[in-house]
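I have placed the structure first, in the form of structure tokens, so that the comments after it can refer back to it.
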Amino acid sequence: MPFVTVAAVSRGNLVDSADRRWRAIGEARPDLEPALALQRQLLTLVIDLAGTLARGPLPKLSLPPRYLAAKLTRGVPVLAGEPIPVPVPILAPALLRLCEALANGGAGAAATHIRQAIESGSIEPGSLLIASLGRDQAAMRTGAVHRGLAPDLVWLVAELAVSPFVHALQHMVFAHRGPGELQSALEAWNRGYCPACGSWPAVAEAVSGHRTLRCSFCSSAWEPTTYACIYCEERGEAFVTAAPNEERKDRRVEVCSSCNGYLKTVDVPELSPFPLLSISDIESTDLDVAAMEHGYARPALKDFGARKG
Ligand SMILES: [Zn+2]
Ligand SMILES: [Zn+2]
């Protein structure tokens, strides 16, 4: 089944499972300890934010299944271009806390400057959150550079704060679909980018041989039916899957010399529930290094045109 619904997990189980995985990574890779400590702080904030969002209603979206099915059939992710009201009063305080965690966890003054820009009103939290939800990297970059802020860090802070909201949105739109056009369109989704938000996957998680792409933003899970480059659909000799470490065939990279893209693929016992996918990502940073050393890169976000409204 190409689209996979990842079961929700209680907060306690989520934290236990995350702790187990962080401990295992820390034992294998002591050099990653500082990065893991920071990730623990960031993910705890995201988990708590998801809990707060779960207690309130999500915005009512007028997105009929037939309309969404038609979008998917055209290759357009369901949330792309939709004017979605973002719960700014809930998400904005999280932006500040994320900046603080980043400032203490290694990003230093660059993160403090972002917090100050939000507190002083130089950055309007609503615009930042909407730009992130709309995946508008160009607008965010321009805004950050204009204010002398580190664009990648601004992007990360906003993405972390919006991620529980977009995760809940994709769940709301997809999880309760009945049989019908939306279900069929999702089943037919064979693209490399996310059918909900349009982001590229952070990683492919393979469970019992099922290569499942996991969205780097909203954590959607989908399984392409063809074995090809997820970026350019190359399936000839230019597309190669390799394990950089001979002893660890469970950790691979798919590389494509047609588009120079790469994708990490890791065997896991089960798909990571939101927001623990970033643990699979940090656990496999050596694969990023190996791919980048050979000149491969992750492509820029796809652009699905201007937002409506
Ligand atoms: Zn997504
Ligand atoms: Zn390619």
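Bear in mind that the values in this text are calculations on the coordinates, not laboratory data. Keep in mind it's a predicted model, so treat the numbers as computed, not measured. Here the Cβ positions follow ideal geometry from the backbone for every residue, glycine too, while neighbour counts run over all protein chains shown.
Only one residue in LEU43, LEU58 is in a helix (DSSP H, G or I), touching a helix residue (DSSP H, G or I) at 6+ places or on another chain (Cβ under 7 Å) and touching a residue at least 40 places away in the same chain (Cβ under 8 Å). Which one?
Details: LEU58 fails: in a helix (DSSP H, G or I).
After applying the criteria, what remains is LEU43.
Of all residues in region 168-197, exactly one satisfies the criterion of being within 17 Å of GLY81 (Cβ to Cβ) and basic (Lys, Arg), namely ARG191.
Within region 230-246, residues that are without any contact (Cβ under 8 Å) to a residue 24 or more places away in the chain sit with their Cβ atoms under 7 Å from residues that are away from ligand 1 (no atom under 16 Å from the Cβ) and assigned to a loop (DSSP other than H, G, I, E, B), at 6+ positions apart or across chains, in these pairs: ARG235/THR226; ARG235/TYR227; ARG235/ALA228; ALA238/SER257; ALA238/SER258; PHE239/ALA228; PHE239/CYS229; ALA243/LYS249.
Looking only at region 283-309, residues that are surrounded by fewer than 20 Cβ atoms within 10 Å (Cβ to Cβ) and of a type in the set (A, V, I, L, M) come to 6 in all. Taken as a whole, the condition of being surrounded by 13 or more Cβ atoms within 10 Å (Cβ to Cβ) and within 16 Å of ligand 1 (Cβ to nearest atom) applies to CYS218. Considering each residue of region 153-166 in turn, none proves to be of a type in the set (Gly, Ala, Ser) and part of a loop (DSSP other than H, G, I, E, B).
Scan region 100-141 for residues that are under 26 Å from SER199 (Cβ atoms) and of a type in the set (S, T, N, Q) and the total you get is 3. Among the residues of region 281-300, what is the count of those that are in a loop (DSSP other than H, G, I, E, B) and within 16 Å of ligand 2 (Cβ to nearest atom)? Residues meeting the conditions: 6.
Taking the conditions (1) under 28 Å from VAL46 (Cα atoms); (2) away from ligand 2 (no atom under 16 Å from the Cβ) in turn, ALA204 satisfies each one other than (2). Remark: pairs (first residue in region 218-229, within 16 Å of ligand 2 (Cβ to nearest atom); second residue aliphatic (A, V, I, L, M); Cβ separation under 7 Å; 6+ apart in sequence or on different chains) = PRO224/LEU213; PRO224/ILE230. For region 175-203, a residue qualifies if it is closer than 24 Å to LEU133 by Cβ and in contact with a Ser or Thr (Cβ under 7 Å, 6 or more places away or on another chain), and the qualifying residues are ALA175, ALA185, TYR193, CYS194, PRO195, ALA196, SER199, TRP200, PRO201, ALA202, VAL203.
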